[in-house]
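Right, one structure below, let's go through it.
The values are calculated or read from the model by the stated rules, or taken from the named source; none is laboratory data. Predicted model, so just to flag it, every value in this text is computed and none were measured. For neighbour counting, all protein chains shown are included, and Cβ atoms are generated from backbone atoms with ideal geometry for every residue, glycine included.
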């Protein structure tokens, strides 16, 4: 079936198969009226900035200052017992704040998921979710390591995937894909600044 | 054999050389057989490339280990570190001086008078074996300590604790045999089994079981190979040893396995005696030389060692201790009392 | 997790010892390093140190077109390549609004279940090896070879499959493949019974695993455990049931759970999962729909702006891909929710108070793969 | 404690069952394949060493774009050639290099190739590609890609220059 992939122009068949006749369109829709959002807005008033429903997934943009209350309400009142994941996205030049920090919550009753999001500028501390979910610990360490976003109230905010003494935050958009001169940061007397993997290890 | 030089120097020297050579060769080939047999248990072939069916593999291994660079890590206690392998290999070979491999023989009439195929028969052989073989533990403890490695140290400590815990029930199990035989000499024990018309394994099945399990534990073999537990302690006491120093530990382990198997054969399975020595209709079995009976029994035990290694998971340290102190010691003591009482009831021993 | 773990060696009178367990250690399944603080053999505290295999995969994803990401997802958890492919292409398809043909979905399901079997087989092999039983390693790997042979026949690779594309499957099943899969599915239960004869009832195995590394259901959820570690604690939760994808809402299977949340229960759960995977595979074999295997997707994939999170039940737990697109041909951000990473996090909790041997058993029971943890 | 459990505990039936199982395995057929003498046959779709045909290549660069790690390097120019008496401008390859030492054999280049049969394919069953040096031994220019100089081909496979095509081994380009 390799020819399926080649874009040979074909006349449409008589009847389109079901999976092509009714594609699920992932259009973003406003979701303020969505039950999960409404319930969160009722639990923590004035916390919800925006709510989007896309591809069946609800994203709620939350005020950073109220985040701790939102976490507590989600865990204790709304029954989101399981923090699925936490990460960040770097929108380098966005005026309203460089980073999106994202959490997914899961509620076992009804198997519902909710995505919380805050927008923060570089250098702003985000409240840590570790008080509500223990599992946030490593996720937030990873976000700190990869993006340089600090979490207030985290018990042990160390680098996790890179080593202690590493400079820079690799998943920021301004971090070069080829890597940086890490030798200089660890062994300044052996590797002069400017050496390191960028120049010595280039294959081309 | 009137010349005392011949009787007391030449013959023992020849015997020592022959037995030592045989034992060292046997230990080397034990490693080969273990690898082949474990391979068979694990649906693979094992080493079969060097020589016919791989029979030259131990020689190739030895050459490789000899040729290997002799590494002494920089921060070890040098003297102790280097003496570790010596301390373990010497006792494990010395004990073979009292193991009776067979009855006095003329080697099919080649010799003018029968010669016993063992170095000596001292009247405290059992004590000698247990005492000297326990001495090998110093090699493990000192080697583990001197390596300046935490894993080695833990391996050495485990080994010490294991030895102390299992020496006791093993001793009690042997005492049960001594009660039945009435002698500490290994030759006399075999003789006693001939006179009693039964191997001691039948009256002493519990003692045998305890003896063999303790023997596995003393030789640090699966499922009791905690001192070297690869998955936990990397290599345990021999983590920092390489080349011939490692080979000494390796050979000593196999020598100890052969020793435990030989002792089990002598104490419980009638040594060189054929099965059911008193049943006349089995006398056609006598065409097999007694020495081969001995070897066959030892090989059976060695196969069990390998079989266990291929089958069982490793026990945990505290469970090993609990097994030794809470199960084996009470059971072996009770067994001793029962056997003693039976012997008294049957006629008060010898 | 104590901060001053490194300072202890400066205490001369301390009876405690700290040992660096790994990164080169036979039982750490790769390059995991655990700093353990020991009192004799008892573990006072443990601190996993990871990152030795960090390859910046998430950064690399941002420089590749979407189909080019798929071979890189193979290398996250290199024992579960099919599940990684499935989660990634699922995320892209969800963002693009593509529905794949049923035959493709069922082929994916088959590949994923075969991969689950292969992954559980590796887990069993290494777990038993860590606990000291050497032979199951070889017995199990013999069966894993059969699965890899089937993979090879289907997609041409054994380990790093690259077997799925956005929009469906790149090729249909080869001739006779279903028959060979059926033969394999029919003979595996007997093999599983053989492995269980070596381990399940064995008293040494039980001593080593029962009551070791206990975690309660509430703690398991709080620590974010998914997959067999969560189900071993008695939470009947499985992404395949909770948020069905591909064809999982059309097949019947049970989600096994344990009771005590110990290593032995996790062992039993995984063994039962293998049987359930076989059950799914049998249904796939009986009911595999006909039709094309590729939906119509443009040659150059350009998902709309937006974000989507798609997760599958990988063999190790919930494996999710969070895809943010800015409308270009490359992902703007692609985040992996690595199940082993989050499962490993509970290691200090599980081993505290245990012995060194338990640490090995617990690392084995968490079924971690460092390629996924360090990415 | 049931009788059965008591019996199991005292007679160690659980351990004996394990011993019985390993003994049975020791009798079974060995799974080892003694490699240099015997070797397993790769499946027809197996992705191994590259095959390349210069005459089929249209220099469309689809493979270069499809490669996730950019190890295919193509340079070409247009040349006037005479085909059936007509003058046509035809692209001619100057360079078609594959840096096989970095290749992860994902097969995306083969899938992208629009010619029929493929101009680049991996279904050659040839997998013994280890070399003693890493620099040039696994860097294949277009001549080497066709002549397979220095490559030990799988039994029954001939280099692309000698006529092997993707269909010959029943690979993806073939039946399906």
Qualifying residues in the stretch B:130-143 (those that are closer than 12 Å to residue B:252 by Cβ and assigned to a helix (DSSP H, G or I)) - the one farthest from the chain's Cα centre (by Cα): B:143
Qualifying positions in the stretch D:35-94 - closer than 23 Å to residue C:165 by Cβ, free of Cβ contacts under 8 Å to residues at least 24 places away in the same chain and at the interface with another protein chain (Cβ under 10 Å from one of its Cβ atoms): D:43, D:70
Some residue of the stretch A:139-148 being in a loop (DSSP other than H, G, I, E, B) and either under 20 Å from residue A:56 (Cβ atoms) or assigned by TED's automatic domain parsing to the domain that holds residue A:57 (or both): yes
Hits in the stretch C:51-71 - residues which are buried (at least 24 other Cβ atoms within 10 Å of the Cβ) and under 21 Å from the mean Cα position of the chain (by Cα): C:61, C:69, C:70
Residue satisfying condition, being surrounded by 17 or more Cβ atoms within 10 Å (Cβ to Cβ), assigned to a loop (DSSP other than H, G, I, E, B) and in contact with a helix residue (DSSP H, G or I) (Cβ under 6 Å, 6 or more places away or on another chain), within set B:315, B:266, B:298: B:315
Of all residues making up the stretch A:115-133, the number that are within 11 Å of chain C (Cβ to nearest Cβ) and closer than 24 Å to residue A:173 by Cβ: 2
Check on residue B:301, closer than 30 Å to residue B:165 by Cα, touching a strand residue (DSSP E or B) at 6+ places or on another chain (Cβ under 8 Å) and at pLDDT 80 or above: no
Any hit, the stretch C:160-168, residues being under 18 Å from the mean Cα position of the chain (by Cα), surrounded by fewer than 23 Cβ atoms within 10 Å (Cβ to Cβ) and within 11 Å of another protein chain (Cβ to nearest Cβ): yes
Every residue from the stretch C:205-228 that is more than 12 Å from chain A (Cβ to nearest Cβ), in contact with a strand residue (DSSP E or B) (Cβ under 8 Å, 6 or more places away or on another chain) and assigned to a helix (DSSP H, G or I): C:228
Test: residue B:47 is part of a loop (DSSP other than H, G, I, E, B), within 25 Å of residue B:236 (Cβ to Cβ) and within 14 Å of another protein chain (Cβ to nearest Cβ): yes
Cβ-Cβ under 8 Å pairs, at least 6 apart or on other chains, the stretch B:1-21 side modelled with pLDDT of 80 or more, far side in a helix (DSSP H, G or I): B:16/B:97; B:19/B:96; B:19/B:97; B:20/B:93; B:20/B:96
Members of the stretch C:16-36 found to be in contact with a helix residue (DSSP H, G or I) (Cβ under 7 Å, 6 or more places away or on another chain), surrounded by 21 or more Cβ atoms within 10 Å (Cβ to Cβ) and part of a loop (DSSP other than H, G, I, E, B), listed by number: C:27, C:28, C:29, C:32
Options B:99, B:71: the member that is in contact (Cβ under 8 Å) with a residue 12 or more places away in the chain and exposed (fewer than 14 other Cβ atoms within 10 Å of the Cβ): B:71
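Does residue C:254 count as touching a helix residue (DSSP H, G or I) at 6+ places or on another chain (Cβ under 7 Å), more than 14 Å from chain A (Cβ to nearest Cβ) and part of a loop (DSSP other than H, G, I, E, B)?
Working: touching a helix residue (DSSP H, G or I) at 6+ places or on another chain (Cβ under 7 Å): yes; more than 14 Å from chain A (Cβ to nearest Cβ): yes; part of a loop (DSSP other than H, G, I, E, B): yes.
Considered against the rule, which asks whether it is touching a helix residue (DSSP H, G or I) at 6+ places or on another chain (Cβ under 7 Å), more than 14 Å from chain A (Cβ to nearest Cβ) and part of a loop (DSSP other than H, G, I, E, B), residue C:254 comes out as yes.
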Enumeration of residues in the stretch C:316-332 that are crowded, with 24+ Cβ neighbours inside 10 Å and away from chain A (no Cβ under 13 Å): C:316
Residue C:116 being closer than 22 Å to residue C:183 by Cα, within 13 Å of another protein chain (Cβ to nearest Cβ) and in a helix (DSSP H, G or I): no
The stretch C:333-350: number of residues that are more than 9 Å from chain A (Cβ to nearest Cβ), closer than 15 Å to residue C:49 by Cα and surrounded by 24 or more Cβ atoms within 10 Å (Cβ to Cβ): 2
Test: residue in the stretch C:277-293 that is crowded, with 20+ Cβ neighbours inside 10 Å and within 11 Å of chain A (Cβ to nearest Cβ): yes
Meets criteria (under 30 Å from residue C:93 (Cα atoms) and free of Cβ contacts under 8 Å to residues at least 12 places away in the same chain) for residue C:290: no
Boolean, residue B:307 is within 14 Å of another protein chain (Cβ to nearest Cβ), in contact (Cβ under 8 Å) with a residue 40 or more places away in the chain and within 30 Å of residue C:361 (Cα to Cα): yes
The listed residue being touching a strand residue (DSSP E or B) at 6+ places or on another chain (Cβ under 8 Å) and in a loop (DSSP other than H, G, I, E, B), out of D:59, D:32: D:59
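Can you tell me which residue is surrounded by the most Cβ atoms within 10 Å (Cβ to Cβ) among those in the stretch B:22-44 that are within 14 Å of chain C (Cβ to nearest Cβ) and touching a residue at least 60 places away in the same chain (Cβ under 8 Å)?
So the residue we want is B:41.
Please tell me if residue C:201 is farther than 24 Å from residue D:40 by Cβ and in contact (Cβ under 8 Å) with a residue 24 or more places away in the chain. Steps first, answer last, please.
Numbers: farther than 24 Å from residue D:40 by Cβ: yes; in contact (Cβ under 8 Å) with a residue 24 or more places away in the chain: no.
It is false that residue C:201 is farther than 24 Å from residue D:40 by Cβ and in contact (Cβ under 8 Å) with a residue 24 or more places away in the chain.
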Residue satisfying condition, being away from chain B (no Cβ under 12 Å), at pLDDT 90 or above and within 14 Å of the chain's Cα centre (by Cα), within set C:147, C:121: C:121
The stretch A:95-114 - residue that is surrounded by fewer than 22 Cβ atoms within 10 Å (Cβ to Cβ) and in contact (Cβ under 8 Å) with a residue 24 or more places away in the chain and, of those, farthest from the other protein chains (Cβ to nearest Cβ): A:97
Entirely in the stretch A:42-110, the strands (runs of 3 or more DSSP E) that have 2 or more residues that are closer than 23 Å to residue A:142 by Cα: A:57-62, A:82-90, A:99-107
